[in-house]
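Colleague: Take a look at the following structure, please.
The values are calculated or read from the model by the stated rules, or taken from the named source; none is laboratory data. None of the values given here were measured: they were computed from a predicted structure. We place every Cβ from the backbone using ideal geometry, glycine too, and count neighbours over all the protein chains shown. Protein only, heavy atoms only, side chains kept; ligands, DNA and RNA dropped before computing areas. Shrake-Rupley method; radii C 1.70, N 1.55, O 1.52, S 1.80 Å.
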2 protein chains.
Amino acid sequence: MSLKDSLNSILNNVEGAIAVVVMANDGIPIDEVTGPQSDIDIQLLAVEYATVLKEVRRTVDVIKMGGLEEVSIATSRICAVVRVLNEELFFALILRRDGNLGKGRYMMKLKSFELTQELS
Amino acid sequence: MSLKDSLNSILNNVEGAIAVVVMANDGIPIDEVTGPQSDIDIQLLAVEYATVLKEVRRTVDVIKMGGLEEVSIATSRICAVVRVLNEELFFALILRRDGNLGKGRYMMKLKSFELTQELS
């Protein structure tokens, strides 16, 4: 399965999914898939979430409670789940606020290993 | 119901809950309750999560996708759910990694209004 296929399998199986994007820590998107109704600036989100992730990684180092696995951010309009793939890469699922967050998190966990393999 | 009672009703109803703490944005804890097996430095967590929340708030302002409601951070050992109460206050639930995150998020949403009332 190609990287795009893996991302699409998340996008198409999670109700309310708007986009799935794989990114480097510096905020450069590596690959992305978006649903038909996406009016969101994925490039902007990529850079911004990369900055947040950097701050969260720093925090997690300070609190010494194990390695960072996942961050989710919910606003009144969207929800983003960000999952760490390795030291350099992460991927994010953007959902509508009424989307299926639980299934999104589950699918991301499930596809995490596959994505890491495809990117190594 | 007092503030501590409200916090305890979350702590006691969520499997795997370690602590619930109400904080100001500057990281100063207002009130907290902890479970019997807590060996976590809540003061340190409070300050660190306040810093993360500040960064996330900035990001959410930039991406213009509505107001921030909730942030969750999962490491290999713990999971923290942080929920915004108002411009100045937030509260956080710290769970074991195998704790009931879904119920935690639900209980926090449910108690959010009550806590805001008690703090105003």
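Colleague: Could you compute how much accessible area chains B and A hide from each other, both sides summed, with a 1.4 Å probe? Nearest 100 Å² is fine.
Modeller: 2900 Å²
Colleague: Around A:Thr75, which amide H atoms from residues at least 5 apart in sequence, or from another chain, sit under 5 Å from its own amide H, with H modelled in the peptide plane?
Modeller: A:Ala80, B:Glu69
Colleague: If I model a spin label at A:Asp98 and B:Ile28 as a point 7 Å from the Cα along the Cα→Cβ vector, what separation in nanometres do I get?
Modeller: Between A:Asp98 and B:Ile28, the label points sit 4.2 nm apart.
Colleague: Next question. Compute the Kirkwood hydrodynamic radius of region A:1-70, taking the inverse of the mean of 1/r over all pairs of distinct Cα atoms, and give it in Å to one decimal.
Modeller: 13.5 Å
Colleague: Sum up the lysine pairs in the protein assembly as shown that clear both bars: alpha-carbon distance under 23 Å and a spacing of 8 or more or different chains.
Modeller: Summing the qualifying lysine pairs gives 22.
Colleague: May I ask you to derive the FRET efficiency for A:Arg77 and B:Arg58 from their Cβ-Cβ distance with R0 = 25 Å, giving the value to the nearest 0.05?
Modeller: Efficiency at R0 = 25 Å is approximately 0.90.
Colleague: Moving to a separate point now. Quick check on the protein assembly as shown: what are the equivalent-ellipsoid semi-axes from the Cα gyration tensor, as sqrt(5λ), descending, whole Å?
Modeller: Equivalent ellipsoid semi-axes, largest first: 30, 18, 17 Å.
Colleague: Then there's this: Apply the Karplus curve 6.51 cos²θ - 1.76 cosθ + 1.60, θ = phi - 60°, to the phi angles in region A:93-108 and return the couplings in whole Hz, x for Gly and Pro.
Modeller: Residue by residue, region A:93-108 yields 10, 9, 10, 5, 4, 9, x, 8, 4, x, 5, x, 4, 5, 4, 5 Hz.
Colleague: Enumerate the whole-percent occupancy of each 10 Å bin, from 0 to the last occupied one, for all C-alpha pair distances of chain A.
Modeller: For chain A, the pair-distance distribution reads 14, 50, 32, 4, 0.
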